[in-house]
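Following: one structure in structure tokens, then a few remarks.
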Amino acid sequence: MAEAQGGRSNPFLLMPITLFFALLSVAVLRAPSLMSASGIGAAIIVVTPLILATYALMASTIAGRGTIDLSVGPLIGFINVTMIQLHAAGLLESPIPVFLYCMGVGAAYQLIFSLIVIYVRVQPIIVSLSGYLALTGINLVILPRPGGTAPAFMEEWGFGIEIFSPILVILLLATTAWLLFTATAFYTHLRLMGSDERAAYTSGVPITIVRIGAHLISGCFAGLASICFTALISSGDPSQGTTYTLIAVTALVLGGASLGGGRGGVFGSALGALNLYLITYVLSSFNFGSVQSFVTNLAYGVILVISLLMTLLIPVIQRYIRNFSPLLYFVALSVVVLGIILHATFDYGSLGAVGVYVPGPFSLQAALTAPLETASLTTETEALRLAAAPLVFSSIILIIVAVFLRLAIGQSSRRTIGPAVAVVVAALALAGAYVIAEGANTTQTEVIK
């Protein structure tokens with residue numbers, strides 16, 4: 001198969017990558033505080049529940065039959081309100097019972113969902129819509145209005161003032177688990193079933209077991225999303241979770257997944273969720289008054305329609321870009337946007353005032369030798385060099401690693417080298433986050449001194 005080779009193109013990621021860097025550039029220029037430790041920390045805590053909800057949708061959507069789980073939002077809300085009520089009763093206090101309960105409830109619901117679809121033979125869209133309506137009402141019965149308190153160990157999770165937090169750990173572990181899942185034969189059967197269920201059945205794929213397994217995976221990710229959502233709001237909310245249905249489906253489409261099944265990836269889904277967050281962030285930097293929420297929904301709809309129209313151009317793009325590498329394209333744009341970030345966050349006032357021109361006799365020797373002489377550096381210039389050195393070094397390493405991986409992938413299959421690529425990219429992202437965090441801590445220390 002053409003897609004099995006690491007060197008072949010994957011043009012479905014062209015749109016989400018381009019949109020991500022375009023929105024990130026505008027967001028940084030409009031509000032440079034996004035690139036601070038607190039800005040990135042706040043972004044992580046806000047976008048993580050959406051990313052995990054998109055993962056939950058992706059697992060069942062890949063299974064085919066048009067399985068778009070519209071009940072994922074109310075399911076997250078149901079787990080949230082029941083967890084808050086059980087915590088108030090003193091039953092859920094420590095992390096392990098909370099995680100087991102949330103993931104267990106999500107998996108149990110999805111198991112019932114899959115059994116109805118398989119054995120009762122009801123269309124998945126009908127089951128998901130029924131679940132959406134039923135869970136919405138049940139949530140209001142369990143908790144009529146927002147209230148309650150989250151478990152004590154979650155109190156500091158939702159502050160969003162630091163980059164490294166338990167929420168980031170949950171997101172990284174969930175993403176790693178999905179990437180490891182893509183290296184299994186079960187995932188291959190899942191994609192085959194989503195692309196053509198009849199062909200999968202005649203090939204000996206146990207489609208019943210595969211479909212049930214896909215729904216169980218969706219339930220586990222929904223449980224993790226509910227934990228991060230609870231940490232974000234630090235309480236219970238019976239209605240807020242329903243909004244995740246619309247934005248999670250939008251993020252899934254923006255990430256290049258096919259609603260017909262058979263195609264979807266963790267990288268595209270994460271980019272789709274990040275794009276929605278950046279849309280909200282950029283629009284919040286403008287003052288639309290009382291119609292702010294309507295403008296945000298309008299932007300969601302317009303960008304979703306444009307993304308769907310762009311998918312019609314995929315055959316044309318494949319005709320001219322036969323060896324498109326999402327990794328190299330991502331790295332190339334990241335270097336460009338890194339320059340924009342440095343420009344937006346750099347304090348040009350720290351360079352000092354421009355020297356005053358003093359007229360006098362012109363010395364040719366001084367004009368030629370002065371630029372070559374080594375002058376003593378000021379404190380501001382030395383601090384600037386120390387702050388910029390890790391970023392420049394990281395950019396050079398990123399380019400070298402990307403070119404190396406591109407050559408390696410061209411000679412290998414995605415199955416064998418895909419996890420290695422994910423580990424390298426994740427390590428580079430963590431290294432960049434560490435550099436930003438250390439730079440912020442150093443700046444705070446200097447200010448205190």
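Laboratory data are not the source of any read-out in this text; all were calculated from the coordinates shown. The structure presented is a predicted model; accordingly, all values stated were derived computationally and were not measured. Every residue, glycine among them, receives a Cβ derived from its backbone with ideal geometry; neighbour counts consider all protein chains shown.
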**Report entry** residue 126 paired with residue 233, simple spin-label distance in nm, labels 7 Å along Cα-to-beta-carbon
**Finding:** 3.2 nm
Report task. Evaluate E = 1/(1 + (r/R0)^6) for residue 112 and residue 141, where r is the Cβ-Cβ distance and R0 equals 22 Å; express this FRET efficiency to the nearest 0.05. Result -> 0.70
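Determine the shape class of the stretch 56-186: with a ≥ b ≥ c the square roots of the Cα gyration tensor eigenvalues, call it rounded for a/c under 1.5, and otherwise prolate if a/b is greater than b/c, oblate otherwise.
It is oblate, given that a/c is not under 1.5 and a/b is not larger than b/c.
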Requested in this report: Report the calculated FRET efficiency for residue 30 and residue 86 (r = Cβ-Cβ distance, R0 = 56 Å), to the nearest 0.05.
Outcome: 0.85
Query raised in the report: Points 7 angstrom from Cα along the Cβ direction at residue 297 and residue 259: gap in nanometres?
Result: 1.8 nm
Report task. Starting with the fewest neighbours, write out 87, 215 ranked by other beta-carbon atoms found within 10 Å of each beta-carbon. Result -> 87, 215
